[in-house]
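**Q** Let me give you the structure first, and then I'll get to my questions.
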Amino acid sequence: MKSFLGVAVLLGAAGMFASNKAEALDTWIGSWDYVLQHDQEGRPSAAFARLRGDDEALLWLTCARYPTDGKAQKAVSLSATVSQKSYLGRSPSRGRSTVYWFDDGSPELSYWVYRERAGQIASAEQVTRILEKMTDAQSLVIELSNYRYETLRSQFQFNPLDTKRVAERFRQDCRAIAGPANADSPSIR
């Protein structure tokens, strides 16, 4: 369910960028696009950061609040997603092994959930780690694999000042989205 929600949030974010920008309340922070969505009461409900990579690849960071089982309590979802023009297929719910690395560092392996043209990490702890590493990096390479397990490389270049500003704003907005009950969660640092 959480991975499905993440993909739905990603598609919603993509729709906001593609539709009327005046309603989307988007901002540019250097090389990053940034959107903060509000609910009907005017409270922040979702934050989306997007960076363009090589060959039409996009890196998305998403923090969104959603209802859980009809209760008044809301849950917060964090995700990092890479979308590209090549078809990746679908992965099992556990995900598909994906390798990524920052600058010339050691490759890291994690399981990303694949849907059509996007691969996504929906673990708040992993997203937080990636966000922390991004603030000190110049580049990120992610090797997604298609349904035939052929490697498809996506590369992103960071402007360190822009990335630090986006990371700080994203963390701040995510704490506001989480609200007082969830603001002390270690995944929203």
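**Q** In segment 135-146, what count of residues is obtained for those that are without any contact (Cβ under 8 Å) to a residue 60 or more places away in the chain, among the aliphatic types (A, V, I, L, M) and under 22 Å from Tyr114 (Cα atoms)?
**A** 1
**Q** Just name the residue that is farthest from Arg52 (Cα to Cα) out of those in segment 82-94 that are free of Cβ contacts under 8 Å to residues at least 60 places away in the same chain and surrounded by 14 or more Cβ atoms within 10 Å (Cβ to Cβ).
**A** By that ranking, first place goes to Ser91.
**Q** How about segment 163-179: which of its residues are over 24 Å from Lys74 (Cα atoms) and open to solvent by less than 20 Å² (accessible area, probe 1.4 Å)?
**A** Across segment 163-179, the qualifying residues are Thr163, Val166.
**Q** Can you tell me which residue in segment 161-187 is modelled with the highest pLDDT, limited to those that are of a type in the set (Gly, Ala, Ser) and within 17 Å of Val35 (Cβ to Cβ)?
**A** Residue satisfying both the conditions and the ranking: Ala167.
**Q** For segment 102-117, enumerate the residues that are open to solvent by 40 Å² or more (accessible area, probe 1.4 Å), within 18 Å of the chain's Cα centre (by Cα) and not acidic (Asp, Glu).
**A** Leu109, Tyr111, Arg115, Arg117
The values are calculated or read from the model by the stated rules, or taken from the named source; none is laboratory data. On a predicted model such as this, the values are computed, not experimentally measured, just so you know. Positions of Cβ are backbone-derived with ideal geometry, glycine not excepted, and every protein chain shown enters the neighbour counts. Keep in mind that these areas ignore ligands, DNA and RNA; they rest on the heavy atoms of the full protein, side chains included. Shrake-Rupley method; radii C 1.70, N 1.55, O 1.52, S 1.80 Å.
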